[in-house]
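Q: Below is a structure I'd like to ask you about.
Where a number appears in this text, it was derived from the coordinates with a stated rule and is not lab data. Since the model is a prediction, treat every value here as computed from it, not as a measurement. Using ideal geometry, Cβ is built from the backbone for each residue, glycine included, and neighbour counts are taken over all protein chains shown.
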Amino acid sequence: RESAKKMPYYKGLERFQLLDKMGDGAFSNVYKAVELATGKRVAVKVVRKYELTSSQAGDKHLNPNFKKKPRVTERANILKEVQIMQGINHPSIVKLISFSESPEHYFLVLELMEGGELFHQIVKLTYFSEALSRHVIVQVAQGIRYLHEERGVVHRDIKPENLLFDRVPIIPSKHPIQRQYDEEKEDEGEFTPGVGGGGIGRVKIADFGLSKVVWNEETMTPCGTVGYTAPEIVKDERYSKSVDMWALGCVLYTLLCGFPPFYDESINVLTEKVARGHYTFLSPWWDDISASAKDLITHLLCVDPAERYTIDEFLTHPWIKERSGPPPPPT
Ligand code: ADP
Ligand code: MG
């Protein structure tokens, strides 16, 4: 069934059979694939080396010059993404299995996340119960803690589209039922992946395309030449981890109510709302959500990065510590 689908051919990717398209962006396509030699299922992120302008893209077969416009920063960016991912080993982060390139493409072979985007699950379910939200956000936070504290890496693009389930989560689709389900499953310990075939498995952080190494943990200084770094850079680096904490707050807010804290049709108005940190716990959606959850969000969505919770403060907040099934398992 899967192999019957028509998949594109990429020169340089012959050791894989592409099965399904899992995601596409402006410059990358992500496929579910199988490594022919081993039968191992993986995800392959294919990144084009050359930019296609919209006019060129249309007549790509007629115009022999369609790929004449190199994306100057792309190689450095991709290599940075690859380099950062190569140094990373954590159960809450999608693993990079291998990297290769052809004259026209970069190929990132990744751990396959069968369950797809958290984004899709939010759309499907409307919103998550507090217990389920906690279960998801703790896994994400553990990944961020590892990045910030053990790798000196800031992800910089934490959002529901970049948070992936390792397998299709089994969650009933109507929220009142889901609440009831949560409470029952919580008692049965079924949040644990694999137990009783239910549960939601693991959530992992993907897409290191915008990530950056910022901090040398030993010297507590920015990476690179220290003595000549300007104060605004030092300050910048000092607070750069806080961008992930803001994003984590946005994800948690969205999980709990089903819509993001900042939204407007007009990009200008939206930008202004974000700049002022202007959001509300809108009634009636937030009426039944605990004061503790709101308190946590308040400490993440604060405009001053110096006041914003760090990842360790996040992980020790009472709402996170509340019992809701066993903690995610260590693999
Ligand atoms: P982009 O830089 O284009 O956003 P991503 O790495 O975020 O690239 O991949 C785009 C989309 O492809 C993701 O939002 C997700 O839907 C899917 N995807 C990415 N990596 C995987 C993976 N390892 N397993 C399954 N799907 C993936
Ligand atoms: Mg992405």
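Q: Listing Arg15, Arg276, Arg156 from the residue with the fewest other Cβ atoms within 10 Å to the one with the most, what is the order? Walk me through the numbers before you get to the answer.
A: Values: Arg15 13, Arg276 10, Arg156 17.
If I rank by nearby Cβ atoms, fewest first, I get Arg276, Arg15, Arg156.
Q: Another question about this same structure. Taking Cα pairs under 8 Å and at least six residues apart, what relative contact order does region 223-323 come out at, in percent?
A: Answer for region 223-323 is 31 percent.
Q: Longer than 27 Å from Cα to Cα, which of Lys45/Lys80; Lys21/Lys159; Lys6/Lys212; Lys241/Lys273; Lys212/Lys321 are they? Say none if no pair is.
A: Violating the 27 Å limit, Cα to Cα: Lys6/Lys212; Lys212/Lys321.
Q: A follow-up question, please. Can you put Lys204, Lys6 in order of Cβ neighbours within 10 angstrom, beginning with the fewest?
A: Least crowded to most crowded, the residues run Lys6, Lys204.
Q: Highest first, please rank the peptides 16-29, 246-259 by the mean number of other Cβ atoms sitting within 10 Å of their residues.
A: 246-259, 16-29
Q: Among Ile158, Ile297, which comes first, then next, by fewest other beta-carbon atoms within 10 Å? Show your work: numbers first, answer last.
A: Details: Ile158 26, Ile297 23.
Listing Ile158, Ile297 from fewest to most nearby Cβ atoms yields Ile297, Ile158.
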